[in-house]
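The values are calculated or read from the model by the stated rules, or taken from the named source; none is laboratory data. Everything quoted here is computed from the prediction, not taken from an experiment. Quick reminder, even Gly has a Cβ in these numbers, built from the backbone with ideal geometry, and neighbours come from all protein chains shown.
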Amino acid sequence: MAEMLTLSRHILQRARQHQEATGDFNLLMSHIATATKVVSRMVAKAGLLNVLGKTGDTNVQGEQVTKLDIIANEMLQAMLDDLPMVSATASEEDESFVPTSAGATSGRYLIAFDPLDGSSNIEANVSIGTIFSVRRRAEVGKTPTEADFLGPGSELVAAGYAVYGSSTMFVYTTGQGVDGFTLDPGVGEFVLSHPEMTLPDTCTCLSINSVNRHRWMPGTTAYVDRVIARDEPRYAKTTGRYIGSLVADFHRNLIYGGVFLYPADSKTPGGKLRLLFEAQPLAMIIEQAGGAASDGQQRILDIVPDGLHARAPLIIGNTPDVALYEQMVATHG
Ligand code: P6P
C-alpha cells in the first residue's frame, strides 16, 4: 500500500522549507484541519441530528442563517480560541473580529474563515465547504485591531479549504504549491491524495450563473458569448457547470481546469463574494496552482480590503481565460 502521508506529517515536512518553520504554525494548521473534520462529521449527520434548516436569523451579510452555519462558526472559533499563537479570528458570519482568549496580545497569527460556504445548498445534499486564510500580524504585544486583518492577499502565509462532498478533502498552500488530502474516515486522518496540484491548461468548464445575464456588464456578456461560441480551439470543448456552491465550483475547476466568474453586475456592482473570506484564500491557492484571480481589472491578491466584509467581483481559473475576461472588460466596459 502506498505510504500514508498524513496532513500532520506533511505540514511538518513543509514547515522545514518555510519561514513559518515554528511549532506554532504546524500546531495552528493541524487545529484548523481538525476543526474541518468535526464540521465534516456534522455536515454528514446534519439530517440525522435535525440541524438542517434555517434559524430564522440573518447574518451581517443579510443572508438567511442555517443552524449548521452557527454550529460550524462556533466550533471553529472554539477550536482556535485556546491557541496561544492565534491573536484573533474573523468570520464571514460575524460583524467584527474576535480576539482569542489564549493569544490576543502575544499571538502572531490572524485567521479569517468562511465557516460553511454554500450552506444554503445543504438541504439538497450539495457539496459545501469551509474556507480559511492565515496572515501574520506586523507586530505582537498589543491587542489586535480590525486594521490588522486588512492587508492584501499577497501577504497571506497560508490559505486552504475543506470541501464536504462525496469525500471530504482538505486543500491548502503555504506558498510552496498546493496539496490535496482526502479524509480516511476509518483512520480519522487526512491522507495525501493530490500532491502538488496544478491547474490543467484546458478551459474544461465555464462556471457562471447565466440567469443573471440581464445584469451583466457588456464585457461579461461579450466574454461569455465568445467562449460559448466555441469557434476557437481553446473553447471548442468547453462546457457549462454551475453548482452554486463556491468551494465545489472552485474545486472542480482546480481538478479539471476552467474559469469561475461571479462578476460585478448591475445588482452587485462591487461583486457578491467576500474579499477576505472567499476571494483572497482561493486566489492564493489558484496562483500557487498556476492560475489567476482577478476582479475584472486587477489581481485579487493586490486589493487592499477597506473593511472586514469587503466584497469583490471574482474571476478565477486558468490564466489565459482570466486574461481574456480582463481584455473584454477593458474593451467593452
Ligand atoms: P448565486 C453561496 O451562497 C455563495 O456565497 C457561493 O458559495 C456561491 O458561489 C454563490 O453564493 C452563488 O450565488 O447568486 O449564483 O446563487
Quickly run through the stretch 149-166 and pick out the residues that are buried (at least 18 other Cβ atoms within 10 Å of the Cβ) and under 18 Å from Leu301 (Cβ atoms).
Phe149, Gly151, Gly153, Leu156, Val157, Ala158, Ala159, Gly160, Tyr161
Consider only pairs whose beta carbons are under 6 Å apart and that are at least six residues apart or on different chains; among these, list those whose first residue lies in the stretch 160-186 and is of a type in the set (D, E, K, R) and whose second residue is not in a loop (DSSP other than H, G, I, E, B).
Asp184/Val191
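Tally time: how many residues in the stretch 236-254 are part of a helix (DSSP H, G or I) and either without any contact (Cβ under 8 Å) to a residue 60 or more places away in the chain or near the ligand (Cβ under 9 Å from one of its atoms) (or both)? Step through it out loud before you land on a result.
Of the stretch 236-254, the ones part of a helix (DSSP H, G or I) are 246-254.
Those left that are additionally either without any contact (Cβ under 8 Å) to a residue 60 or more places away in the chain or near the ligand (Cβ under 9 Å from one of its atoms) (or both): 246-250, 252.
Count: 6.
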When Gly180 is run through (1) within 19 Å of Ile32 (Cβ to Cβ); (2) modelled with pLDDT under 95; (3) surrounded by fewer than 24 Cβ atoms within 10 Å (Cβ to Cβ); (4) of a type in the set (Gly, Ala, Ser), the failure sits at (2)
Matching residues, the stretch 117-148, being among the β-branched types (Val, Ile, Thr), within 28 Å of Asp57 (Cα to Cα) and either surrounded by 22 or more Cβ atoms within 10 Å (Cβ to Cβ) or within 16 Å of the ligand (Cβ to nearest atom) (or both)
Ile122, Val126, Ile128, Thr130, Ile131
Output the residues belonging to the stretch 154-198 that are within 16 Å of the chain's Cα centre (by Cα) and not in a strand (DSSP E or B).
Ser154, Glu155, Leu156, Val157, Gly165, Thr174, Gly175, Gly177, Met197
For the subset of the stretch 210-220 comprising residues that are surrounded by 15 or more Cβ atoms within 10 Å (Cβ to Cβ) and touching a residue at least 60 places away in the same chain (Cβ under 8 Å), which member is farthest from the ligand (Cβ to nearest atom)?
Gly219
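The rows are residues; the columns are (1) farther than 16 Å from Ile131 by Cα; (2) in contact with an Asp or Glu (Cβ under 7 Å, 6 or more places away or on another chain).
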residue: Gly219; (1), (2): yes, no
residue: Tyr235; (1), (2): yes, no
residue: Leu275; (1), (2): no, no
residue: Asn318; (1), (2): yes, yes
Residue that is surrounded by fewer than 18 Cβ atoms within 10 Å (Cβ to Cβ), modelled with pLDDT under 90 and either among the basic types (Lys, Arg) or in contact with a strand residue (DSSP E or B) (Cβ under 9 Å, 6 or more places away or on another chain) (or both), where the choices are Thr22, Thr66, Thr58
Thr58
Counting just the residues of the stretch 108-126 that are modelled with pLDDT under 95 and of a type in the set (Gly, Ala, Ser), which one comes out nearest to the chain's Cα centre (by Cα)?
Gly118
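Filter the stretch 299-333 for residues that are among the polar types (S, T, N, Q) and part of a helix (DSSP H, G or I); which is farthest from Arg234 (Cα to Cα)?
Thr331
Report whether or not Val191 is of a type in the set (Val, Ile, Thr), more than 14 Å from the ligand (Cβ to nearest atom) and buried (at least 16 other Cβ atoms within 10 Å of the Cβ).
Yes.
Just give me the residues in the stretch 109-129 being in a strand (DSSP E or B) and within 19 Å of Thr168 (Cβ to Cβ), in sequence order.
Phe113, Asp114, Pro115, Leu116, Asp117, Ile128, Gly129
Would you be able to tell me the number of residues in the stretch 223-247 that are touching a strand residue (DSSP E or B) at 6+ places or on another chain (Cβ under 9 Å) and surrounded by fewer than 23 Cβ atoms within 10 Å (Cβ to Cβ)?
Selection size over the stretch 223-247: 10.
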Please enumerate the residues belonging to the stretch 130-153 that are outside any strand (DSSP E or B) and of a type outside the set (A, V, I, L, M, F, W, C).
Arg137, Glu139, Gly141, Lys142, Thr143, Pro144, Thr145, Glu146, Asp148, Gly151, Pro152, Gly153
Over the stretch 268-284, the set of residues part of a loop (DSSP other than H, G, I, E, B) and near the ligand (Cβ under 9 Å from one of its atoms) is Thr268, Lys272, Leu273
Quick one: in the stretch 60-83, of everything that is in contact (Cβ under 8 Å) with a residue 24 or more places away in the chain and more than 16 Å from the ligand (Cβ to nearest atom), which residue is farthest from Arg108 (Cα to Cα)?
Ile71
